[in-house]
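The values are calculated or read from the model by the stated rules, or taken from the named source; none is laboratory data. Treat the numbers as computed from the prediction; the structure is a model and nothing was measured. Every residue, glycine among them, receives a Cβ derived from its backbone with ideal geometry; neighbour counts consider all protein chains shown. Heavy atoms of the whole protein, side chains included, go into the accessibility calculation; ligands, DNA and RNA do not. Shrake-Rupley method; radii C 1.70, N 1.55, O 1.52, S 1.80 Å.
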Amino acid sequence: MGTFVNVEPGVKLYVEDINPGGSQTIVFIHGWPLSHKQFEYQFDVLPAMGYRCIGIDWRGFGNSDKPINGYNYNRLADDIRIVVDALQLHDFTLVGHSTGGSIAIRYVSRYNGYGVSNLVLVDAAAPIGFTPETANKFLHEALNDRPKMMREVTDGFFFQYITAPFSEWFFQLGLQAAGWSTAAVVVMLRDEKLDADLPLISVPTLIVHGIHDKVIPFQQAQELHHKIRNSQLVPFHYSGHGPFWEERSKFNQVLSHFIMQ
């Protein structure tokens, strides 16, 4: 069931709420420059296991409104908080992938884990996002040839083979974003850091990371594991930046087991 939540005047976020009657709630925050649809292969399975699955499109991405501003960790975390309040969520598992993992970290640190019982970081872009060199390359392409940029993102995302139709589907997910929001988040990933947030995380945290990730090196997952107390790290040995798709059966099992602990 899709709905829209007003997060500020003139800005609505799209929220997909699957199996609202589920016994346990999982909130998914997608990565850059995608949308909640990247978690299709979780939404196909987990609701049938009894979970309520909620996918949120950030401002500027997917089906959400695309304002010209608000692309920083604080504002994006504030948007999540407003959705949490609007849906009256509590005792939920927060799953963030890549930049969505960074937003999840900021949400937990900024709001003292408000409503969150478990945190899951999937190839999180933390404590740093892009190097200046990578960011400036993406920024130039985002502002001059965004389809070329998105093709490069798709080509470097996965370790396992992907079919041409899947590649095209994934490519189109990224192009649903606005050009200005795509570029603004690159700047955020270049300039904002999350080191100070990590000691503030106290909820049980699962860190999932593909060892072949070319976007966010596996070493950053090890750093998160070292700096986030009460965390566990599960390497995915046959994944790049997308274990939720590349090893989806294992991912769904590991996620469900962590929640049920």
*Label residue 12 and residue 111 with points 7 Å out from Cα along Cα→Cβ: what is the distance between them in nm?*
2.1 nm
*Taking only protein heavy atoms and a 1.4 Å probe, what accessible area per residue, in Å², does the chain have with all protein chains in place?*
40 Å²
*Would you kindly compute the Cα radius of gyration of the chain and its largest Cα-Cα separation (Dmax), both in Å?*
16.6, 48
*asked:* Taking the Cα centre as origin and putting +1 on Lys and Arg beta-carbons and -1 on Asp and Glu beta-carbons, what dipole magnitude results for region 1-108, to the nearest 20 debye?
replied: 200 debye
*asked:* If the only charges are +1 at each Lys and Arg Cβ and -1 at each Asp and Glu Cβ, what is the size of the charge dipole of region 192-242 around the Cα centre, to the nearest 20 debye?
replied: 100 debye
*Per the Kirkwood formula on distinct C-alpha pairs, the Rh of region 104-162 is how many angstrom?*
14.1 Å
*Mark the label point 7 Å from the Cα of residue 152 along Cα→Cβ and return the residues of region 181-218 whose backbone N is within less than 12 Å of it.*
none
*Got a sec? Charge dipole of the chain, +1 on Cβ for Lys and Arg, -1 for Asp and Glu; which of 144, 103, 54 is way out at the positive end?*
103
*Could you point to the residue in 157, 186, 200 farthest towards the positive end of the chain's charge dipole, with +1 and -1 charges on the Cβ of Lys/Arg and Asp/Glu respectively?*
200
*If you take the C-alpha gyration tensor of region 1-63, multiply each eigenvalue by 5 and take the square root, what semi-axes do you get, largest first, in whole Å?*
21, 14, 7
*Considering only protein heavy atoms and a 1.4 Å probe, what is the carbon-and-sulfur percentage of the accessible area of region 1-83?*
50 percent
*Given the rule -39500 (n - 2.57) for each run of at least 4 DSSP H residues, summed and divided by the residues of the chain, what is its mean residue ellipticity at 222 nm, to the nearest 500 deg cm²/dmol?*
-12500 deg cm²/dmol
*Distance check, please: which entries in 12/148; 66/250; 137/193; 12/137 exceed 25 angstrom between their Cα atoms?*
12/148; 66/250; 12/137
_Using the basic label-point model (7 angstrom from Cα toward the beta carbon), what is the residue 91 to residue 219 distance in nanometres?_
4.2 nm
*Based on Cβ point charges of +1 for Lys and Arg and -1 for Asp and Glu, what charge dipole magnitude is obtained for the chain about its Cα centre, in debye rounded to the nearest 20?*
200 debye
*asked:* How large is log10 of I(q)/I(0) for region 149-261 at q = 0.22 Å⁻¹ when the intensity is taken from the Debye formula with one equal scatterer per alpha-carbon?
replied: -1.28
_Among 133-139, 10-16, 99-105, 78-84, how do they line up by average Cβ neighbours within 10 Å per residue, starting with the highest?_
99-105, 78-84, 10-16, 133-139
*Pull out the extension gain between residue 191 and residue 250, defined as 0.36 nm times the separation in residues minus the alpha carbon to alpha carbon distance; nm, one decimal.*
17.9 nm
